[in-house]
């Protein structure tokens, strides 16, 4: 062949990130693309989950995790991070269990991909910010909320309030208005809380983080915000991002 091909680093030279979303997720891709800096590849797949969000249906996702992992660019060695992007599923299935599944499957071909979960990102964000007391507001029912509070307690983080919206489907969660989420952040906040965490990647929380922080005078974190922040940092991207709260802007 006489034609000489030239190669560069491709369209995403800074990092390649993969996200495993639940089957009925609607806003995961939108949120990540909104917040993400330029020249970073974002890739998505889905894992099966029943329509109704319960402890049992969250646990059932583990069965199909291996299949979902296999669909995330399995023949490429340039994927930096693969993240299971479900908050509640992370503590029901077990964040380390999920990370181990990702790492074991990718290690059979490539050693450079790091496996993580959305919840791992939230915990890392809180600890990086030096926060040990949070006001927890979730989309979930009380039984799921209790498990989440127990998880945070095991990580040395106290939930000084723990209030859920009692929603059971992604469709309901997606349709909670941003104004209602802003009021919800104020409702769950307590004076002793060092930050507010709005838990669930199906809530449109990234839209109200800035205003909520201004009103409450403290950091406000959300699931997709903390997940992307963590994945970027794992991939070595240290860029500070405006418009999405203290975490993205200062850490």
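Can you pull out the residues in the stretch 74-99 that are at pLDDT below 90 and part of a helix (DSSP H, G or I)?
none
Just a yes or no: is a residue in the stretch 89-100 touching a residue at least 60 places away in the same chain (Cβ under 8 Å) and either touching a strand residue (DSSP E or B) at 6+ places or on another chain (Cβ under 8 Å) or crowded, with 16+ Cβ neighbours inside 10 Å (or both)?
yes
Could you tell me whether residue 203 is in contact with a strand residue (DSSP E or B) (Cβ under 8 Å, 6 or more places away or on another chain), in contact (Cβ under 8 Å) with a residue 40 or more places away in the chain, part of a loop (DSSP other than H, G, I, E, B) and buried (at least 18 other Cβ atoms within 10 Å of the Cβ)?
Answer is yes for this residue.
What tally of residues in the stretch 215-242 results from selecting those that are closer than 22 Å to residue 204 by Cβ and in contact (Cβ under 8 Å) with a residue 40 or more places away in the chain? Please lay out each step first, then the result.
First, pick out the residues of the stretch 215-242 that are closer than 22 Å to residue 204 by Cβ: 215-216, 218-232, 241-242.
Still in the running and in contact (Cβ under 8 Å) with a residue 40 or more places away in the chain: 219, 221, 223-232, 241.
Counting residues in the stretch 215-242 that are closer than 22 Å to residue 204 by Cβ and in contact (Cβ under 8 Å) with a residue 40 or more places away in the chain gives 13.
Out of 76, 106, report the one residue that is touching a strand residue (DSSP E or B) at 6+ places or on another chain (Cβ under 9 Å), closer than 18 Å to residue 19 by Cβ, in contact (Cβ under 8 Å) with a residue 24 or more places away in the chain and surrounded by fewer than 16 Cβ atoms within 10 Å (Cβ to Cβ). First the steps, then the outcome.
Working: 106 fails: surrounded by fewer than 16 Cβ atoms within 10 Å (Cβ to Cβ).
Result: 76 is the single residue among 76, 106 that is touching a strand residue (DSSP E or B) at 6+ places or on another chain (Cβ under 9 Å), closer than 18 Å to residue 19 by Cβ, in contact (Cβ under 8 Å) with a residue 24 or more places away in the chain and surrounded by fewer than 16 Cβ atoms within 10 Å (Cβ to Cβ).
Results for (1) buried (at least 23 other Cβ atoms within 10 Å of the Cβ); (2) within 16 Å of the chain's Cα centre (by Cα); (3) within 22 Å of residue 141 (Cβ to Cβ), shown as yes or no for each residue.
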{"residue": "12", "(1), (2), (3)": "no, no, no"}
{"residue": "19", "(1), (2), (3)": "yes, yes, no"}
{"residue": "42", "(1), (2), (3)": "no, yes, no"}
{"residue": "51", "(1), (2), (3)": "no, no, yes"}
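Applying the selection to the stretch 16-33, what residues are touching a helix residue (DSSP H, G or I) at 6+ places or on another chain (Cβ under 7 Å) and more than 21 Å from residue 172 (Cα to Cα)?
The answer is 17, 19.
The values are calculated or read from the model by the stated rules, or taken from the named source; none is laboratory data. Please read all numbers here as calculations on a predicted model, not as lab measurements. A quick note on method: Cβ atoms are made from the backbone with ideal geometry, for glycine too, and the neighbour counts reach across all protein chains shown.
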